[in-house]
Amino acid sequence: TPDADAVIFQGESLTYKQLNERANQLAHFLQSRGVGPEVFVGICMQRSVEMMVSVLGVLKAGGAYLPLDPTYPKERLSYMIGDTKAHVLLTQHSLLEVLPEHSAQVVCLDSYWEIIAREKQDNPSLVVAPENLVYVTYTSGSTGKPKGIGMIQHSLLNLLDWMCRTTQLPEGART
């Protein structure tokens, strides 16, 4: 259903086709900047359609994403970015001031999309191994420094397979 709504947020929507094409463009862009397996891309954004494009684009590039909540203290963001050695940070122009100092390439999707939109819309070619990371998320750090917890491709596929086999969602349900 390429013309069905895939993402809807605050009056903005993308169809499955549009989401796939934009994610592919971002993936090609990220690959041209060195993103591939085991390369982290931080995503520091407010909830938005662009956030969904970002997550899917990082995965299609073969990278692993690092969710960065813009409400976190700079010290925590700095630790997470440094600990993963994030190569690229995807963000929004309005959030640049919340980011700590770092060495990652910064891409503000809201002000850089015209350049990204020049990339190909077809699926990028990529070989990702089952042991490659999909994402890393961090513990609260209540016992000291936060600890990164990584999800690998194989584990995520097992989880999704189990969910598909054991969950009976009514037609039209969305998750």
Query raised in the report: Where residues in region 1-35 are buried (at least 18 other Cβ atoms within 10 Å of the Cβ) and at pLDDT below 95, which of them is farthest from Val98 (Cα to Cα)?
Result: Ala6
Query raised in the report: Within region 60-75, can you find the residues that are assigned to a helix (DSSP H, G or I) and open to solvent by less than 10 Å² (accessible area, probe 1.4 Å)?
Result: Ala61
**Report entry** Only listed residue being open to solvent by 70 Å² or more (accessible area, probe 1.4 Å) and charged (D, E, K, R), chosen from Glu50, Glu97
**Finding:** Glu97
Query - Members of region 36-59 found to be within 8 Å of the chain's Cα centre (by Cα) and part of a helix (DSSP H, G or I), listed by number - result: Met51, Met52, Val53, Ser54, Val55, Leu56, Gly57, Val58, Leu59
Requested in this report: For region 78-94, indicate whether the set of residues that are open to solvent by 40 Å² or more (accessible area, probe 1.4 Å), outside any helix (DSSP H, G or I) and of a type in the set (Gly, Ala, Ser) is non-empty.
Outcome: no
Query raised in the report: If we keep just the residues of region 89-103 that are hydrophobic (A, V, I, L, M, F, W, C) and over 11 Å from Leu77 (Cβ atoms), which is modelled with the highest pLDDT?
Result: Leu90
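The values are calculated or read from the model by the stated rules, or taken from the named source; none is laboratory data. The structure displayed is predicted, hence computed values, not measured ones. We place every Cβ from the backbone using ideal geometry, glycine too, and count neighbours over all the protein chains shown. Surface accessibility is based on the protein's heavy atoms, side chains included, excluding ligands, DNA and RNA. Shrake-Rupley method; radii C 1.70, N 1.55, O 1.52, S 1.80 Å.
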